[in-house]
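Inspection log for the structure reproduced underneath, given as structure tokens.
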Amino acid sequence: MSDVREAGQDSPANTPTVAKAASGVEGSSGLTIGVDVGGTKIAAGLVDGTGKIVAEGRRETPATSPPEIVAAIVEVVKELRSRAEGREVEAIGVGAAGFVDASRSEVLFAPNLAWRKEPLKEAVQARTSLPTVVENDANAAAWAEFQFGGGHDVDDMILLTVGTGLGGGLVLSGELYRGAFGVGGEVGHFRVVPNGHLCGCGNRGCWEQYASGRALVREARDFARSSPSQADALLELAGGKADRIEGPMVTKAAAAGDTAATELVQDLGRWLGEGIATLAAVLDPAVVVIGGGVSEAADLLLEPARNGFWRQLTARGHRPTLEIRPAVLGNEAGIIGAADLARRR
Ligand SMILES: [Zn+2]
């Protein structure tokens with residue numbers, strides 16, 4: 001068996017064979033509720049021990065009022081309990097778009113919600129009389145992909161969510177990695193370009209500014225403004241206005257074979273792959289799972305990511321190579337992961 005692998009070739013001999021020590025479910029097999037609290041909506045589900053959502057509920061997020069957010073969570077939990085058909089609901093997991101403290105009780109800060117040091121666990125627990133855990137939403141999604149999705153067969157996995165921004169979560173040696181203060185795993189904010197594009201976090205040159213939907217839109221609009229004659233397919237989708245180009249238009253034009261759009265998605269994939277090489281040098285995961293809206297471009301994105309990864313990987317050819325795989329659970333990963341973490345509380 002050769003230890004050299006060409007980029008983009010998946011031979012079975014090089015497929016990671018690390019088996020998860022305990023596949024299947026460790027906690028109970030009863031029902032738990034997962035709640036995914038985002039900036040605009042609260043999505044919740046009643047989830048069984050195999051990660052299957054048996055009932056779902058939704059509310060708008062009253063983002064500016066912490067007590068109203070709690071009230072909306074309590075309300076959707078109540079609704080789902082009434083739909084459990086007599087089965088016991090054991091616990092609640094809340095995935096929140098923000099920094100969650102190491103004891104998984106408090107939301108320290110949420111960029112798109114009015115939460116500042118919000119004692120969310122206590123508030124939900126007191127009003128539902130159900131044990132509650134709070135987790136960062138990207139961590140919850142990573143846990144779901146690890147248990148039931150793209151990382152189900154390995155012990156070390158990183159989820160990268162390529163949406164408007166670039167988020168993610170780390171599962172290392174079978175455990176969700178939170179860091180000393182609970183706020184680790186912010187993969188989108190290591191610097192890849194000195195003095196690069198300004199990031200929402202206040203720094204410049206973060207990976208998110210090159211490998212995200214926002215980056216794709218910025219590059220596509222720039223390209224359409226500077227080379228309109230080569231961007232005719234993109235401009236047509238955007239009603240002739242470069243400023244109206246959005247991410248899904250680029251992936252759509254790329255899927256239809258447009259050269260400019262394909263190159264834009266390929267550039268994004270290359271940035272993604274090069275950053276994965278950096279993560280691999282530090283953390284050595286067996287699998288990197290790619291989710292989020294932009295990942296709907298599938299191999300148009302993943303193939304350049306694999307190539308970019310391979311070109312940048314340290315000591316390539318002299319080490320086993322991780323796999324880059326698409327996510328399996330889509331938008332429901334946050335609900336499923338939060339519910340499963342509640343089961344294992
Ligand atoms: Zn940043």
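The values are calculated or read from the model by the stated rules, or taken from the named source; none is laboratory data. Just so we're clear, the structure is a prediction, and the values are computed from it rather than from any experiment. FYI the Cβ positions are ideal-geometry reconstructions off the backbone, even for glycines, and counts take in every protein chain you see. For the accessible areas, the whole protein counts, side chains as well, though only heavy atoms, and no ligand, DNA or RNA atoms are used. Shrake-Rupley method; radii C 1.70, N 1.55, O 1.52, S 1.80 Å.
Taken over the chain, lysine pairs spaced eight or more positions apart, or on distinct chains, with alpha carbons under 23 Å apart number 8.
Residue by residue, segment 70-77 carries 3J(HN,Hα) couplings of 4, 4, 5, 4, 4, 5, 6, 5 Hz when phi is fed to the Karplus relation 6.51 cos²θ - 1.76 cosθ + 1.60 (θ = phi - 60°); x denotes Gly or Pro. Which is the longest run of the chain containing none of the chymotrypsin sites (Phe, Trp or Tyr not before Pro) found in DSSP loop states (not H, G, I, E, B) with at most 16 other C-beta atoms within 10 Å? Result, exposed sites excluded: 1-176.
Database remark: amide H of residue 328 closer than 5 angstrom to the amide H of 150 (H placed geometrically; neighbours at sequence offset of 5 or more, or on other chains; Pro and chain starts carry no H). Volume of the convex hull of segment 59-188 (Cα atoms only), normalised per residue: 122 Å³. By the helix-only formula, in which each DSSP H run with n ≥ 4 contributes -39500 (n - 2.57) and the sum is divided by residues, the chain has a 222 nm mean residue ellipticity of -10500 deg cm²/dmol. Over the chain, the fraction of Cα-Cα pairs per 20 Å bin, rounded to whole percents and listed from the shortest bin up, is 30, 55, 15, 0. Compared with the dominant Cα axis of the chain, that is its longest principal axis, helix 333-343 is turned about 40°.
The H on the amide N of residue 323, modeled in the peptide plane, is under 5 Å from the matching H of 287, 288, each at least 5 residues off or on a different chain. Our compactness index for segment 191-242, the C-alpha radius of gyration over the empirical 2.2 N^0.38 Å, is 1.33. Modelled this way, with points 7 Å down the Cα-to-C-beta line, the labels at residue 229 and residue 130 are 6.2 nm from one another.
For segment 37-91, trypsin sites (Lys or Arg not before Pro) meeting the loop criterion (DSSP other than H, G, I, E, B) and having at most 14 other Cβ atoms within 10 Å: 52, 83, 87. Sites listed here are trypsin sites (Lys or Arg not before Pro) in segment 149-246 whose DSSP assignment is loop and whose Cβ has at most 16 other Cβ atoms within 10 Å: 241. Within the full protein context, the accessible area of residue 128 is estimated at about 10 Å² for a probe radius of 1.4 Å. Nonpolar atom fraction for the chain, defined as the carbon and sulfur part of the 1.4 Å probe accessible area, stands at 49 percent.
Once backbone amide H atoms are built at 1.01 Å from N, residue 41 has 61 as its partners under 5 Å, excluding neighbours fewer than 5 places away on the same chain.
D by Stokes-Einstein for segment 157-327, Kirkwood Rh over Cα pairs, 4 °C, 1.567 mPa s: 79 µm²/s.
Its Kirkwood hydrodynamic radius, worked out from the mean inverse distance over all distinct Cα pairs, puts segment 258-341 at 13.7 Å.
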